[in-house]
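Scroll down for the structure; my scribbles are underneath it.
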Amino acid sequence: MKSGHPRHILVRGVNWLGDAVMTTPAVLRIRERFPEARITLLCPEKLRDVWTSHPAVDAVQTFAPGEGLMSVARGLRGIRADLAVVFPNSFRSALEPWMAGIPRRVGSGRFPRTLVLTDRVAADPSTVRMRKRTEAEVRRLTGSPEAGKLRRTPYPTESHQFHHYLRLAGHLGADPTPVPPHLKAGGAATRAMTARLGDALTSGMPLVGLNAGAEYGPAKRWPLDRFAEAARKLAAKTPAHWVVFGGKADVPLARELAGRLQGQPITVLAGETSLAELMAALSLCRVLITNDTGPMHLAAALGIPVVVPFGSTSPELTGPGLPGDPSHRLLMGDAPCAPCFLRQCPVDFRCMDSIPVEHVVAATLEILSRTSGTSR
């Protein structure tokens, strides 16, 4: 490998869907820096479809749940990469390319992980990291006599998670300036979903997605009755065909939501799509009303506007798209304990309960009005 000019780059991808989408700006910048290099993306099998059609990636290599370190390293030896860029912060993710004999290995982190990296990239000292509140702190803030005057804690947008990955790309001479996360739905999946949603697509009504689940935990979920009420109020103002999304664990939630919208045109896809088909179906929607989840990031990266009630998490740190993107509507309630980053609310869920249905309805109507000339 000539200095700064690798022939084959291994990008060790992250393990969660939303995080994977937030790495796409860095992957695009690495491609821009090394247009002639071959780029192989290593990720869990469940995320293969994120990268299969990505324009910056030449090949995708995956590992199965529970697959051993030696097995993954053996698979990497065969691709003969001369540079590895390690996005996750785990020790194992840095050990994999070391065991595969990849000569240059770039990543961030602390000892002992740094023992197996050749290039240790320090975190930006100005970055403000996520801080999970304790249950005691949440109770103290909400129970304070001054609670009504306190507001949610803001984070600087310069601390958004995609900057962590862009810093690694910048270490290689790439431009660290953020670009929007970008994904492309695969052709075969798009044809399949177009056929599945054929009647809805030709009805003349916009497809509006609803995603009421959140894998991380209930603290990230705007209440189901509010999703249903928002849909009913929207339907009273404008015709729409509802598409209900979710994973297998969200099927009961999706069915309950569909039951509350009985009589309205609706298609439930929760638990019935592969990741590629989920991406394709999202790309056919005009807007997605969603919690802070992986599908939120997917939709935004596919160019679909999202309306998102944020409670326990921070849009400044993990919001969809680029901070301040006018395509999206990120709604936050006023709770002194937010964002707490907890999986379950230990008090009264005021962060989500303080986001009115009317705000979600108004945001969605504004997007539908703005995008009325599109074909979706």
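The values are calculated or read from the model by the stated rules, or taken from the named source; none is laboratory data. Being a predicted model, the structure only gives us computed values, none of them experimental. As a convention, Cβ positions derive from the backbone with ideal geometry for all residues, glycine included, and neighbour counts pool all protein chains shown.
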Can you spot a residue in the range 43-53 that is touching a Lys or Arg at 6+ places or on another chain (Cβ under 7 Å) and either touching a residue at least 24 places away in the same chain (Cβ under 8 Å) or not basic (Lys, Arg) (or both)? yes
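Which residues, counting only those in the range 199-218, are crowded, with 23+ Cβ neighbours inside 10 Å and not polar (S, T, N, Q)?
Kept after step one, since they are crowded, with 23+ Cβ neighbours inside 10 Å, are these residues of the range 199-218: 207-214.
Of everything in the range 199-218, those that are crowded, with 23+ Cβ neighbours inside 10 Å and not polar (S, T, N, Q) turn out to be 207, 208, 209, 210, 212, 213, 214.
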Identify all residues within the range 319-346 that are surrounded by fewer than 16 Cβ atoms within 10 Å (Cβ to Cβ) and touching a helix residue (DSSP H, G or I) at 6+ places or on another chain (Cβ under 6 Å); write none if there are none. 343, 344
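From the list 167, 139, 151, which one is among the charged types (D, E, K, R), crowded, with 17+ Cβ neighbours inside 10 Å and over 26 Å from residue 304 (Cβ atoms)? Steps first, answer last, please.
Numbers: 139 fails: crowded, with 17+ Cβ neighbours inside 10 Å; 151 fails: crowded, with 17+ Cβ neighbours inside 10 Å.
The match here is 167.
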With the checklist (1) buried (at least 16 other Cβ atoms within 10 Å of the Cβ); (2) not in a loop (DSSP other than H, G, I, E, B) in hand, flag the one item residue 236 doesn't pass. (1)
Could you tell me which numbered condition residue 86 fails, if it satisfies all but one of (1) β-branched (Val, Ile, Thr); (2) in contact with an Asp or Glu (Cβ under 9 Å, 6 or more places away or on another chain); (3) surrounded by fewer than 20 Cβ atoms within 10 Å (Cβ to Cβ)? (3)
Kindly establish whether residue 214 is modelled with pLDDT under 95, closer than 30 Å to residue 127 by Cα and either β-branched (Val, Ile, Thr) or not in a loop (DSSP other than H, G, I, E, B) (or both). no
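Report, by residue number, each residue of the range 60-83 that is polar (S, T, N, Q) and either closer than 25 Å to residue 167 by Cα or crowded, with 17+ Cβ neighbours inside 10 Å (or both).
From the range 60-83, those polar (S, T, N, Q) are 61-62, 71; that's our starting set.
Across the range 60-83, the qualifying residues are 61, 62.
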Determine whether residue 270 is assigned by TED's automatic domain parsing to the domain that holds residue 354, modelled with pLDDT of 95 or more and crowded, with 24+ Cβ neighbours inside 10 Å. yes
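I'd like the residue in the range 93-105 that is of a type in the set (A, V, I, L, M) and surrounded by fewer than 21 Cβ atoms within 10 Å (Cβ to Cβ) and, out of all such residues, is farthest from residue 73 (Cα to Cα). Before the answer, list the steps.
Taking the range 93-105 first, the residues of a type in the set (A, V, I, L, M) are 94-95, 99-100, 102.
If we keep only those that are surrounded by fewer than 21 Cβ atoms within 10 Å (Cβ to Cβ) as well, we get 95, 99.
Values: 95: 9, 99: 6 Å.
Ranking the qualifying residues of the range 93-105, first place goes to 95.
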Restricted to the range 207-232 and to residues being over 18 Å from residue 363 (Cβ atoms) and of a type in the set (A, V, I, L, M), the residue farthest from the chain's Cα centre (by Cα) is 224
Selection within the range 216-259 - in contact with a helix residue (DSSP H, G or I) (Cβ under 8 Å, 6 or more places away or on another chain), among the charged types (D, E, K, R) and more than 22 Å from residue 354 (Cα to Cα): 237, 256
Conditions (1) under 24 Å from residue 27 (Cβ atoms); (2) in contact (Cβ under 8 Å) with a residue 40 or more places away in the chain; (3) not basic (Lys, Arg) -> residue 137 fails only (1)
